[in-house]
Every structure is written in C-alpha cells, then in structure tokens.
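Only the coordinates and a few stated rules stand behind these numbers; no lab work does. Because the structure is predicted, anything quoted here is derived from the model rather than measured. FYI the Cβ positions are ideal-geometry reconstructions off the backbone, even for glycines, and counts take in every protein chain you see.
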Amino acid sequence: MKKYGLILIAGICLAVLVFGHLHWKNISQIAGIEAREAATKAKEKETAERDALIRSLKPENNKQQPLIDYLHYKSLTQDKVIVSLVGSNGTSGTSANNASKSWAGLLEKSLRADRDDMETLRFINHGHEGYSTEDLLKGRKIEAVIQDDPDLIIFENSLINNHYQSLSLEKTEKNLVSIMTKLQKELPNTKVLIISPNPVANSKTENSLGLNYLDYIQASEQVIKNNKWTYMNSKEEIEKKLKKKNMRLADILTNDNIHPNDQGHYIWFEVLQEYFKLKK
C-alpha cells in the first residue's frame, strides 16, 4: 500500500514539475513576444517622431529658417554636414591661443552641442592670414571651398587686407561679385553667409588711395544689398556687444589693434551663435 502511495506521490510531483515547466515556458514565450512587440512599437514611435521632425525642418517649408535648423535638417537627412569657412585672419584665428578658442572653433563646438543629431557636423577652414579678396581669387581658394561640396559657406569678406593693400573699391566690389558668382554657379544648393571682418582701431585711417576701412565695408554692403545676398555685419554686431558689456574695443584686440584676441574671438562667436538662431 505504501509502495503505491509513494508512486502516486511521485507521479503527482512529476506532473506538477512538467506542468510548471510548460507553464513557465509559456509565460516566457508570452513575455518574449510582448518585449518584441514593445520594442517594435518604440522603434515605430521613434521613426515617426524623427519623420515628423524632418518634415518640420524641411527648408522648403521654412522660408525664414534659422541656420541652425537648416544644419539640423541636413544632419537628419544625410551622412555628413559640412560647413566651409573662407576668409582672412579673422577666419584663420590668427591671434587666438589655439583653434578651439577662435570663433570658428567655438561655433563648431556650440552647434554640435545644441542638437542631439549634429555629430556629423564638420567645419573646414580655408582662412588665410594676410589674404585680400584678390588673393583668395588668385590663390584659387574659392575652388578649394567648392571642392568641399559644403552645405553652408561662411565667407569673411577680407576687407581689412583690401584696405591695407590699397585695393580700389572698384576692384573690391568686382572681387566680391566674382567670388559669389563662382560659389553660386558651382554650388547652387549651398547656403552662403557673408560676414564682415571684425572692428579695428583707427578704422578711419586712410590708405594710399585715401580710403579708410569703413569705405570698404560700405562699398561692399551696397553690392551685397543690390544682389540680396545673406549678410551679417560682424563689425557692428561686435561693437553692440561691447557697448552692452561695457567693454572697450582695446579689450578685445591684440597689441596691433587689428586682430581679435581670445576675448575678441569669443564675442565674435557669441554674435554668430545668436545669428544662427535667428529667423531670416
């Protein structure tokens, strides 16, 4: 009788184990299916949100789109985003302690940090110390920019050196038109932002042609306005910042009274950072 009882108990235990194993297996399978379904839904939600973001940033739907949104759109729709810089000392960061302290280095870092999807953003710097607009053309530096196939070009109009080299206003205006014609012809889908150089001390000092730095800025601005090119007057915007911060121009220039020091580059960066977030 005991023997049969033990067999019965053993049978019951075995049945419980088998049933428990099958039940646990069924629960695990259901959990696995639910996890996969949850992951699929999360992925679909993420894709839908990304698609909606891309639609909202599409340049065709945003005629006054800030430059940072334009670059964000590019970063979401292509493998890499290139910003090419071309100009003279201000662009090359001549008097900054290192590239990371120049306005270009600061702006690149800031743009990457401002959006989660901007890891592929890359700045290529074609700033050349001492170059005038004539030097940029003769040195084929504009062709180098075109080779980058950039999404955005920041062109620092090299007027400090034009003034220093006593290029005529007529030549300065002609060079500006030549540079922009080359860029627009070869890169019709690329945005171009023209910026003036930084403010300098003694901006009314005349060169051998009897022209001062302000004459070059004013002449260039007239050409830019006539052609409806995108433009930011760095000189004026930096001067506004200085007034707001109660600082002197001498505080942000090196001993030559021309080139911006680290503080000058930082203020120039602040001006550009704000501009990149403005609707145009």
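Counted by neighbouring Cβ atoms within 10 Å, the residues 195, 124, 33 run from fewest to most as 33, 124, 195. The sum of -39500 (n - 2.57) across all DSSP H runs of n ≥ 4, divided by the residue count of the chain, sets its helix-only mean residue ellipticity at 222 nm to -19000 deg cm²/dmol. For the chain, the alpha carbon positions stretch 126, 40, 32 Å along the principal axes, listed from largest to smallest.
When peptides 196-203, 226-233 are ranked by their average number of other Cβ atoms within 10 Å per residue, the highest-first order is 196-203, 226-233.
Region 132-191 and region 97-116 have Cα centres separated by 23 Å. Between rounded, prolate and oblate, where does region 73-116 land on the alpha carbon gyration tensor, with a ≥ b ≥ c its root eigenvalues, rounded for a/c under 1.5, else prolate if a/b exceeds b/c? Because a/c hits 1.5 or more and a/b fails to exceed b/c, region 73-116 counts as oblate. Given R0 = 25 Å, the distance between the Cβ atoms of residue 229 and residue 61 translates into a calculated FRET efficiency of 0.65. Residues whose amide H falls under 5 Å from that of residue 121, counting only those 5 or more places apart or on a different chain, are 81, with hydrogens built in the peptide plane.
Judged by the gyration tensor of its Cα atoms, with axes a ≥ b ≥ c, region 225-280 is prolate; a/c meets the 1.5 cut and a/b is the larger of a/b and b/c. Placing unit charges on the Cβ atoms only, positive for Lys and Arg and negative for Asp and Glu, gives region 38-136 a dipole magnitude near 340 debye about its Cα centre.
Under 5 Å between amide hydrogens, built in the peptide plane, is the criterion, and for residue 192 it picks out 153 among residues at least 5 positions away or on other chains. With the charge dipole of the chain set up from +1 on Lys and Arg Cβ and -1 on Asp and Glu Cβ about the Cα centre, the Cα lying farthest toward the positive end among the listed residues 120, 132, 193 is that of 120. Each Cα pair under 8 Å and six or more residues apart adds its separation to the average, and for region 186-254 the resulting relative contact order is 42 percent. 3J(HN,Hα) along region 147-158: 5, 5, 6, x, 8, 9, 10, 10, 10, 7, 5, 6 Hz, from the Karplus curve 6.51 cos²θ - 1.76 cosθ + 1.60 with θ = phi - 60°, whole Hz, x for Gly and Pro. About the centre of its Cα atoms, the chain shows a dipole size close to 1140 debye [charges on the beta carbon of Lys, Arg (+1) and Asp, Glu (-1) only; nearest 20 debye]. For region 138-280, the equivalent ellipsoid built from the Cα gyration tensor has semi-axes of 25, 20, 13 Å, listed from largest to smallest. Descending by average beta-carbon neighbour count within 10 Å, the peptides 75-85, 144-154 line up as 144-154, 75-85, the highest first. Derived scalar couplings between HN and Hα for region 224-236 equal 4, 5, 4, 9, 6, 7, 6, 8, 10, 7, 4, 4, 5 Hz in order, rounded to whole Hz, by the Karplus curve 6.51 cos²θ - 1.76 cosθ + 1.60 (θ = phi - 60°), x for Gly and Pro. Remark: the residue 185-residue 33 segment gains 49.1 nm on full extension, using 0.36 nm per residue and subtracting the alpha carbon distance.
For region 40-138, the share of alpha carbon pairs falling in successive 5 Å distance bins from zero is 2, 12, 17, 17, 16, 13, 10, 6, 3, 2, 1, 0 percent. With a threshold of 31 Å on the Cα-Cα distance, the over-threshold entries among 80/101; 204/228; 58/138; 80/277; 141/244 are 58/138; 141/244.
In sequence order, region 89-100 has phi-based couplings of 4, x, 6, 6, x, 3, 9, 6, 4, 7, 4, 5 Hz under the Karplus curve 6.51 cos²θ - 1.76 cosθ + 1.60, θ = phi - 60°, and Gly or Pro positions carry x.
Using a 10 Å cut-off on Cβ atoms, rank the peptides 126-134, 155-163 from the highest mean neighbour count down. Please list the in-between numbers first.
Working: 126-134: 20.6, 155-163: 26.9.
Ranking the peptides 126-134, 155-163 by packing returns 155-163, 126-134.
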